[in-house]
1. Of the conditions (1) within 17 Å of the chain's Cα centre (by Cα); (2) charged (D, E, K, R); (3) more than 16 Å from the ligand (Cβ to nearest atom), K232 clears all except one; give me its number.
2. Output yes when any residue across region 109-131 is part of a loop (DSSP other than H, G, I, E, B), near the ligand (Cβ under 10 Å from one of its atoms) and of a type outside the set (A, V, I, L, M), and no when none is.
3. Any idea which residue in region 241-263 is farthest from the ligand (Cβ to nearest atom), counting only those that are over 14 Å from the mean Cα position of the chain (by Cα) and assigned to a loop (DSSP other than H, G, I, E, B)?
4. Residue by residue through region 279-307, note down the ones that are among the charged types (D, E, K, R) and near the ligand (Cβ under 8 Å from one of its atoms).
5. Got at least one residue in region 207-229 being under 17 Å from L108 (Cβ atoms) and within 16 Å of the ligand (Cβ to nearest atom)?
6. Has region 288-299 got any residue that is surrounded by 24 or more Cβ atoms within 10 Å (Cβ to Cβ), in the same structural domain as A379 (by TED's automatic domain parsing), among the aliphatic types (A, V, I, L, M) and over 10 Å from the mean Cα position of the chain (by Cα)?
7. Looking at region 75-108 only, could you name the residues that are of a type in the set (A, V, I, L, M, F, W, C) and outside any helix (DSSP H, G or I)?
8. Which residues, taken from region 69-84, are surrounded by fewer than 24 Cβ atoms within 10 Å (Cβ to Cβ) and either touching a Lys or Arg at 6+ places or on another chain (Cβ under 9 Å) or in contact (Cβ under 8 Å) with a residue 24 or more places away in the chain (or both)?
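The values are calculated or read from the model by the stated rules, or taken from the named source; none is laboratory data. What you are looking at is a predicted structure, and each value in this text was computed from that prediction instead of being measured. All Cβ positions, even for glycine, are placed from backbone atoms using ideal geometry, and neighbour counts span all protein chains on display.
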Amino acid sequence: MPRVAPLRSSTNPVRSAKRPAGAAHRRVAIPVTSRLSAKDEESKAIELVNGKVTSGPDLSVTVDGLHMPNPFVIGSGPPGTNYKVMKKAFDEGWGGVICKTVSLDSSLVHNVTPRYARMQAAGTREVIGWENIELISDRPFETMLAEMKQLKEEYPDRVLIASIMEEYNKSAWEELVGRCEEVGVDAFELNFSCPHGMPERRMGAAMGQDCDLLTEVCSWVNEASTIPVWAKMTPNITDITAPARVSLDAGLEGVAAINTIQSVMGINLDSLRPEPCVEGYSTPGGYSSKAVKPIALAKVMALGNMIRNEYDGKKSMSGIGGVDSGYDAAEFILLGSDTVQVCTGVMVHGYPVVQRLAGELQDFMIQHDFKSIAEFKGASLPYFTTHSDLHSRQKAAIAEKRAKKVGLANDKDWTGDGFVKETDSMVSNK
Ligand SMILES: Cc1cc2nc3c(=O)[nH]c(=O)nc-3n(C[C@H](O)[C@H](O)[C@H](O)COP(=O)(O)O)c2cc1C
C-alpha cells in the first residue's frame, strides 16, 4: 500500500499541514457577504457568506486537511491570474482558488494573441466548447508570489492553491515549492497536463505522460513540500490511472482531472487556415467547457474507482471539466470527487456563478435528502462494470422476467382443469 503522509496541525486556519508550517504573516479574516443580482434570484442562486451557505444542506468539505466552505474551486487559468481576480473569487464565495500555473522564469513564457477559439451551439451564442493555446503565467514569479502573499494575509481562512510547473530539474522544483510555501499557500497542484507549448520544454503534458519522469518529479516535490500536493492529470493518454498511480505512490495526497483535451478547433473555409489563427498559422490547443464533460466524467470515474479499490479511498480527487451547473458538480462528486473545479465556466458566466452552482448542488441534495457532500461522494461508482457483465445481467433479468410470466405460451398447454384460473391470468384489464 502506498504511504499516506500524516497530517499534522498547523497555525493555518484552513489546513493541517503535512509538516508544521510557519504562518506569522497571516492576519485577520475579512467577512464577506456576496449579493445576488435580480437575475440570480430567479435562478437557484443562493447567498454565500464567506463562501458558506446560510441554510439548507451543508456544502462544506475537508480534503487533505484543507477546510473549504463549499467544494467549488477556481481551476487554474485566467480566473486565477492575478490578485484582483483571485480576490473577486473569494468575495463571490468560491470555496478555494487555484492560481494560474507559475514557474520560476516567466521570461521563457511567450504568449500569443488570439489564443482562444469558441464553439457555440448552432444558432445561439451559447458556448459549448473552448480551445486555448494559452501558456502558463507570463507574469513575473516574484509578482505572483507577492500577490498570493497579500491574498493569504487578507483571507487567511480561505484556501489558496499554487499551481506550479517546472522543467525536469530537481533544484528548480525545490525552489518553486519552497518559495510558494513561504508566502503561505495552502496546497500545491502540479501541472502535469498542459497540452500545448510547454511540452516543447518537456513540461506539462509531456511530463504527465511519462510515468518514469512523474515518479521522480513527484518524489522531489513530496520531499520538499510540507503542505498537501495534488497532481493534475492530462486526459491525453490512453489510461489516466497509470500516471495518477505513480504520482500517488510517490506520496502525493491527491489527483486533479482533467486538464484540457488536445484539439484543433477548426479550419476557416475561406482562408483555409486553422483557428485560432496567429499570423496565418496555428498549433493544436486544449479543449474545455461543456463539450468535454462526458470525457472528463469517464476519466474521473476511472480515477475514483482506482482510489477506492487500490488506496482504500484514502487519496483525494478534484474533478474538473465542463462544469457549468451545480448538477454537473453533483455528477463529479458521485464519481468520487472531493472538490470540483471550474475554469471556462467562470470565463463564460463570471465569478458570481458560484452562487448558482451552490444553490443547484443544494437543490440536488434536498431532492435526495443528502445532508452533506460526504453522504453521496462516490455513490455512483459501484454502478460501472464491464460490457460483458452488462450482457450477463441483462440475460439474467430477461430469464427472471420470463420465469415470472403467467399465462400459457401455447394452445397445447391448456389443461381444462385449471381453465378459469388460466384464463384469468391472461386478461389484461382486470
Ligand atoms: C484559457 C485557459 C487557460 C488555462 N490555463 C491553465 C493553466 O495555466 N494551468 C492549468 O493547470 N490548467 C489550465 N487550464 C485548464 C483548466 O484549469 C481546466 O483543467 C480545463 O479547462 C477543463 O475545465 P473547464 O472545462 O472547467 O475549463 C486552462 C484552461 C483555459 C480554458
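1. (3)
2. So far as region 109-131 goes, yes, one or more of its residues are part of a loop (DSSP other than H, G, I, E, B), near the ligand (Cβ under 10 Å from one of its atoms) and of a type outside the set (A, V, I, L, M).
3. G251
4. Step one: list which residues in region 279-307 are among the charged types (D, E, K, R), which gives 279, 290, 293, 299.
Once the filter is applied, which keeps residues that are among the charged types (D, E, K, R) and near the ligand (Cβ under 8 Å from one of its atoms), region 279-307 yields K290, K293.
5. Yes, the conditions are met somewhere in region 207-229.
6. Yes.
7. As a first pass, look at region 75-108 and keep what is of a type in the set (A, V, I, L, M, F, W, C): 85-86, 89-90, 94, 97-99, 102, 104, 108.
Within region 75-108, W94, V97, I98, C99, V102, L104 meet the criteria.
8. Of the residues in region 69-84, the ones surrounded by fewer than 24 Cβ atoms within 10 Å (Cβ to Cβ) are 78, 81-84.
Hits for region 69-84 are P78, T81, N82, Y83.
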